[in-house]
Amino acid sequence: MKFGYEDLTVCNRAVDFEVLVKDIVEEIETCRKHYRLKEQIEACSTSVAMNLAEGKGRNSKKEFIQFCYIARGSLYETMTLLEIFRRKNWITDSVYSKLEKDGIEIASMIKGLINSLYKSQK
């Protein structure tokens with residue numbers, strides 16, 4: 001038996017993205033006062049895939065759409081934190097560019113999923 005979210009390409013991409021973000025964040029050396037930012041980026045990057053999976057497990061397309069919007073919001077939060085990390089020189093421009101490219105692709109995939117869910121409701 002498989003869970004329905006396992007067939008969602010966007011969910012799998014979001015998991016890959018989260019793992020990459022977490023690997024990068026684990027390498028960042030900051031003073032204790034910035035530890036909360038590292039915790040927050042781990043939480044919001046994880047939230048993208050988790051909300052897609054949870055939405056897929058809901059009983060209606062309307063609920064699934066809402067969870068897709070939440071996932072997109074978590075992705076935007078992650079990208080904002082990555083921009084902060086880049087400006088603080090905690091990550092390089094090249095690392096940021098790679099993550100930004102991935103984030104844009106995932107955002108586009110989420111948008112496509114939302115659009116297809118709306119179309120299938122009609």
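The values are calculated or read from the model by the stated rules, or taken from the named source; none is laboratory data. Predicted model only: the values in this text are computed from it and were never measured. All Cβ positions, even for glycine, are placed from backbone atoms using ideal geometry, and neighbour counts span all protein chains on display. Accessible surface is based on the protein model in full, side chains and every heavy atom, while ligands, DNA and RNA are left aside. Shrake-Rupley method; radii C 1.70, N 1.55, O 1.52, S 1.80 Å.
Over the chain, with every protein chain in place, what whole percent of the accessible area is carbon and sulfur at 1.4 Å, could you tell me? Taking all protein chains in place, the chain shows 52 percent carbon and sulfur surface. Computed over all pairs of different Cα atoms, the Kirkwood value for the hydrodynamic radius of the chain is 14.9 Å. Taking the charge dipole of the chain about its Cα centre, with +1 at Lys and Arg Cβ atoms and -1 at Asp and Glu Cβ atoms, the residue from F64, M50, L75 reaching farthest to the positive side is F64. Its DSSP H runs of at least 4 residues, each contributing -39,500 (n - 2.57), put the calculated 222 nm mean residue ellipticity of the chain at -28000 deg cm²/dmol, to the nearest 500.
Lysine pairs in the chain whose alpha-carbon atoms fall under 23 angstrom of each other, counting only those eight or more residues apart or on distinct chains, come to 27. Under the rule a/c < 1.5 gives rounded, and otherwise a/b versus b/c splits prolate from oblate, where does the stretch 1-43 land using the Cα gyration tensor? Note, shape of the stretch 1-43 comes out prolate. Per residue, the stretch 57-122 exposes an accessible area of 61 Å² to a 1.4 Å probe, with every protein chain left in place.
Charge dipole of the chain (Cα centre as origin; +1 on each Lys and Arg Cβ, -1 on each Asp and Glu Cβ, all else neutral): 560 debye, rounded to the nearest 20. Of the GluC sites (Glu not before Pro) found in the stretch 3-72, those that fall in a DSSP loop while having at most 14 other beta-carbon atoms within 10 Å are E27, E29. Between 0 and 90 degrees, the angle of helix 9-26 with respect to the longest Cα principal axis of the chain falls at about 20 degrees.
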